[in-house]
Structures are given as structure tokens and as C-alpha cells.
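The values are calculated or read from the model by the stated rules, or taken from the named source; none is laboratory data. Note that this is a predicted model, so its numbers are computed, not measured. Please note: Cβ atoms are built from the backbone with ideal geometry, for glycine as well, and neighbour counts cover all protein chains shown.
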Amino acid sequence: MATEATFTVPSDQFPLGTVFNQLPDVTVTLERLIPAQDVVIPYIWVRGTEVDDIESAFTEHPSVKGIRLVDSVEDEYLLRVEWALDYDDVLTILAETEIPLIEATGTNQQWTFEIRGDDRNDVADFQRRCRELDIPITLTKLHALTPVETGTEATLTDTQQEALVLAYERGYFESPRKVTLEALGEELGISQQAVGSRLRGGIKHVLGGTLPALTARS
């Protein structure tokens, strides 16, 4: 049975956490992770500093083979990082086990990330591999997706559901829109880019849980 798990890792034990050594006040959100030949490519949003500071903070890590600015929104920057697979860390294990990463957010205190396995064995294998490499992950939540739940409820994270509900109630999906991403972000206490990311992820999960059922009925 498909299972979701939430883990925390001390910021200095997660590879992207090296940025906090120089920039302790930033917030980092891992948007997606793409395995490639000899590297894994994380796309990350960094908020609370200048882009030049970000690049220098990351390039000090021995596993960073390249870093490039992709986009920016106000004080938030989207970066594409090439991360070498020969370094033992959580990013490498995620690529190695091919377990999907739903969401990851980091501060100078800790990283919190959510993963989803086809069953509990996938999550257990991920934990075991982390223990073998002495990576101090802490399991904070384990959630089996049961038949009682709908596909949409099962795949939406709490933050995605919160953003979708608020956007719907405030009229974001109406035409013309009655509220902006910036206004939603102010109400949620996050940046407008973070709101957009949560809405896109939530909509993707809603469609993923709805379209197959509609197709099966036709």
C-alpha cells in the first residue's frame, strides 16, 4: 500500500544545508529533483538574500559541479544545481532508491521533507540506507494511503490543501480573478512564488487522482 513519510534532518547534515553557514536567515525550498548521468539536479528556491551570495555559498560544497540562476521573483531565486552522485547524502539516496520526493523545506535549524513509496518497504529501505551512511534522519510522520481515502485526499500535502482551499475561497480560480498570488501569500505568510508552487503541485495531484477515474468510466 502506498505510504507517505515525513522526515527531518539537521540543517548541517543535509547537503543543501551548507548555504546556512554563510546565510543563516535564508529559507530554501526544494522544488524538484531530477536524476541525470553522474549527477542529481535539484531545483531550489532561495529566499532572503542576494543571488551572488547564494552562488558563492553553494559553490563551496565539494559536490556542487555547477549552479545556475533560472528565475527570480522579488527576493526569491530559483537555482539549478548539479550535484555529484559520488557524495553520500540524502539527495544521492533519493536518486538511488528512486523514491519520489513530494516537498522539502530548509532553514538554519533543520530540513523537513516528505517522500512517497509504493509501500512501507520503500520507506523502510530509504531509512535503512540513511542509517548505513550515518545520516541522522528522524521520522516524524508515517501515513499509509488507505482505500477509504480518495486519491486526491491521499496525495495532497497539508500545505497544498491549505493553499488550494484559500485560493478557492478567495476567488483565485474565477475569471477574472478576485485575488492575486501576492495577496494569498500575505495571508499564508509565504512568498507569492511559494503559493504558486503549492497551487501547481496541488492541482497536479487533484488531476492525477481525478482524470484516471474519469477515463476508466468512459
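Brief remarks follow.
- Q110 vs. criteria touching a strand residue (DSSP E or B) at 6+ places or on another chain (Cβ under 8 Å), more than 15 Å from L30 (Cβ to Cβ) and polar (S, T, N, Q): no
- On the stretch given as the stretch 172-192, residues that are touching a strand residue (DSSP E or B) at 6+ places or on another chain (Cβ under 7 Å) and either part of a loop (DSSP other than H, G, I, E, B) or at pLDDT below 85 (or both) total 1.
- Number of positions in the stretch 79-124 that are buried (at least 16 other Cβ atoms within 10 Å of the Cβ), part of a helix (DSSP H, G or I) and not polar (S, T, N, Q): 7
- Of the candidates E82, E60, the single residue that is at pLDDT below 70, of a type in the set (D, E, K, R) and under 14 Å from L16 (Cβ atoms) is E60.
- Checking each residue in the stretch 85-105 for being of a type in the set (A, V, I, L, M) and under 17 Å from I44 (Cβ atoms) picks out V90, L91, L94, A95, L101, I102, A104.
- Against the numbered list (1) at pLDDT below 85; (2) over 13 Å from the mean Cα position of the chain (by Cα); (3) not small (G, A, S), Q110 comes up short only at (1).
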